[in-house]
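K.L.:
Sharing a structure with you now.
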């Protein structure tokens, strides 16, 4: 067994923080559709760099980047509303969590490890899903719109740790993009890179910057569930 898998069960951290898109759910194809539709309606060119930049920025900063990049006259609010509408329609019936993810998060919580969601996605988009309930799955959910910064800054992870009542150094963060891993590490968090079903993911770079690497949630060897841990 790899050292990474040994560290994931029993978890060698006091709390766990999870990204959503790419890490827990295969949604790259959905946002590819949104990006293509959004840009084509405006006769704008789609490039592979565009989704890479948006992945760390979140809706508001992503809208600002889009306005600046393409010289759009629309407001940040108008663009966010359009992305939200398209996202809700696609997430509602199409998105479910990757196999093994719910089992792992549930096992962590059952043995006393608090878990938080930290995502730059929009709460209305994730709230529209019929096949997953993030509010039930996690002890806390933190959205980019609440902290006002993308994942190229550590604010969302710091807020998640605060809501779980733990120090940053006691957290393990699961992520699929390089800027997010780097910002989480800047505040002392341990990081686990997760392979995403996304051809744009920089796997080699992720492996080099993350503290550990996970190919598939089903690889975590839960085995016998540890006794529940009681925290002071």
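K.L.:
Rounded to the nearest 10 degrees, what's the angle between the helix 101-110 long axis and the longest principal axis of the chain, both from Cα atoms, 0 to 90?
P.N.:
Roughly 40 degrees between the two axes.
K.L.:
Based on the alpha-carbon gyration tensor of region 141-229, what equivalent-ellipsoid semi-axes (square roots of 5 times the eigenvalues) come out, in whole Å, largest first?
P.N.:
Sorted largest first and rounded, they come to 21, 20, 12 Å.
K.L.:
For a quick check: sort 203, 125, 173 by the number of other beta carbons within 10 angstrom, fewest at the front.
P.N.:
Fewest-to-most Cβ neighbours within 10 Å comes out as 203, 125, 173.
K.L.:
Suppose we take every Cα in region 68-215 and form the convex hull; what volume per residue is that in Å³?
P.N.:
130
K.L.:
For region 143-167 and region 1-44, write down the distance between their C-alpha centroids in whole Å.
P.N.:
17
K.L.:
Once both axes come from the Cα atoms, what is the angle between helix 155-164 and the longest principal axis of the chain, in degrees from 0 to 90, rounded to 10?
P.N.:
40
K.L.:
Then there is this: Need the full-extension length gain, residue 12 to residue 69, defined as separation in residues times 0.36 nm minus the C-alpha distance. One decimal, nm.
P.N.:
Stretched out fully, the residue 12 to residue 69 stretch lengthens by 16.3 nm.
K.L.:
Right, next: Which of 80, 111 has the fewest other C-beta atoms within 10 Å, and how do the rest follow up to the most?
P.N.:
In increasing order of surrounding Cβ atoms, one gets 111, 80.
K.L.:
Between residue 106 and residue 76, what length comes free when the chain is fully extended (0.36 nm per residue of separation minus the Cα-Cα distance, one decimal in nm)?
P.N.:
That pair, residue 106 and residue 76, stretches by 7.1 nm at full extension.
K.L.:
A further question follows. Dividing the convex hull volume of the alpha carbon atoms of region 28-94 by its residue count, what do you get in Å³ per residue?
P.N.:
Here the figure is 81 Å³ per residue.
K.L.:
Taking 0.36 nm per residue of sequence separation and subtracting the Cα-Cα distance, how much length would be gained by fully extending the chain between residue 94 and residue 135, in nm to one decimal?
P.N.:
Length gained, residue 94 through residue 135: 12.9 nm.
Values in this text are rule-based calculations from the coordinates and carry no lab data. Computed from a predicted model, the values in this text were never measured in an experiment. Neighbour counts are summed over all protein chains in view; Cβ atoms, including those assigned to glycine, are modelled from backbone coordinates with ideal geometry.
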